[in-house]
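The values are calculated or read from the model by the stated rules, or taken from the named source; none is laboratory data. Keep in mind that what you see is a predicted model, and the values were worked out from it rather than measured. Using ideal geometry, Cβ is built from the backbone for each residue, glycine included, and neighbour counts are taken over all protein chains shown. Surface accessibility is based on the protein's heavy atoms, side chains included, excluding ligands, DNA and RNA. Shrake-Rupley method; radii C 1.70, N 1.55, O 1.52, S 1.80 Å.
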Amino acid sequence: MLYMIGLGLGDAKDITVKGLEVVRRCSRVYLEAYTSVLTVGKEVLEEFYERKLILADREEVEQEADNILKDADISDVAFLVVGDPFGATTHSALILRATKLGIPYRVIHNASIMNAVGCCGLQLYKFGETVSIVFWTDTWRPESFFDRVKKNRQNGTHTLCLLDIKVKEQSVENLIRGRKIYEPPRYMSVNQAAQQLLEVVQNQRIRGEEPAVTEETLCVGLARVGAEDQKIAAGTLRQMSTVDLGGPLHSLIITGGSLHPLEMEMLSLFTIPENSSESQSTGGL
C-alpha cells in the first residue's frame, strides 16, 4: 500500500501517532522536499522516526512517480509531506498514478497552513480563495493573482497568500546547457511579498485602475506557524513591507475589509506599534 502521511508544521514530533506507526513499518519512506519545509532537517526526522528517509524532489515526484510506487503493490511505501498530504496538487497526481497501477493507498492527515492560519484570530470560514505570490524576475512580473485578491475583497473575505519557495532550482543558463547545478534555496518573506504587492498597487494606479488593496489595507504576517518560535504581526501593507519576522516559512494574509469584533480583538494582540517602521519581535508567542 502507498501511505500519504502529513507531518504537520513544526518539527519531528508533529507527526501523528498513527503516522509514526506506519512510517516505522514501511519498506521505503520518501520525504517530499520542495513544496514546504519543517524547522528541522532530514537527520532529525530520521533519528525520531527510526527510519532512513529518501528525499524526493519535484522532478522525481512529477516525472518519475513509478520509481516511488515500485513494489508498493506487495509492500508498504510511505510518502511524507510537510503539513497535510493534499496541500499540493502534485500529491493528488501521485495517488491517481497509484490507482491506475492498481496500488491501494491510505491518507493520514495532519495540520496545514490552510487551517493553522486561524492562530492569528481571523475566522477560517471568512477566508476566500488562496493565492500564491511568486518571486519576480527582471523579465517575469506576474500580477494575475491580484484579480483573486480583488474578488475576495469584494466578497468581504480574507486572502491567504502562500509565498514562493525555490528549492533545487536551476538558472536559465544551467537549464539550457543541461547542467545539474542548482541555485541556493530561497524562501519569500512577508516583507518581500508586501513590497511586490505595493508595486502592483502602484502599477494599477498608473493604468488608471482603482486598486482593491492600498498601502493602508490591514494585513497579517505569519512566520513558522506551528513552531515554538512562531511569530505573527498585524499592520498595514506598508508596515508589512518592512517588518522582520525572521526565518522561513512565511505567509501573508490580506484582510477582507470589515472584521468581526472578535477578530479585531485577537489581531490587537499582534499589532505592530504605530511609531515603529520595523519590528523584530512583534507578535512573538
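Odds and ends about this structure:
- When the helices (runs of 4 or more DSSP H) confined to the stretch 20-84 are screened for residues that are surrounded by fewer than 19 Cβ atoms within 10 Å (Cβ to Cβ), modelled with pLDDT of 85 or more and of a type outside the set (Gly, Ala, Ser), those reaching at least 2 such residues are found at 42-49, 65-69.
- Residues that are among the hydrophobic types (A, V, I, L, M, F, W, C) and either at pLDDT 95 or above or open to solvent by 30 Å² or more (accessible area, probe 1.4 Å) (or both), drawn from the stretch 226-238: 232, 233, 234, 237
- Figure legend. Inter-residue proximity from the stretch 200-213: first residues over 19 Å from residue 133 (Cβ atoms), second residues crowded, with 18+ Cβ neighbours inside 10 Å and at pLDDT below 95, beta-carbon distance below 9 Å, spacing 6+ or different chains. Indicated pairs: 205/211.
- Failed item in (1) over 19 Å from the mean Cα position of the chain (by Cα); (2) assigned to a loop (DSSP other than H, G, I, E, B), with residue 110 passing the rest: (1)
Residue-by-condition table, conditions (1) under 16 Å from the mean Cα position of the chain (by Cα); (2) not in a loop (DSSP other than H, G, I, E, B):
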{"position": "192", "(1), (2)": "yes, yes"}
{"position": "202", "(1), (2)": "no, yes"}
{"position": "214", "(1), (2)": "no, no"}
{"position": "244", "(1), (2)": "no, no"}
{"position": "247", "(1), (2)": "yes, no"}
{"position": "258", "(1), (2)": "no, no"}
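- If you check 251, 241, 258, 189 for being in contact (Cβ under 8 Å) with a residue 12 or more places away in the chain, of a type in the set (Ser, Thr, Tyr) and open to solvent by 30 Å² or more (accessible area, probe 1.4 Å), only one passes: 258.
- Residue list for the stretch 126-146, filter: at pLDDT 95 or above and open to solvent by 80 Å² or more (accessible area, probe 1.4 Å): 129
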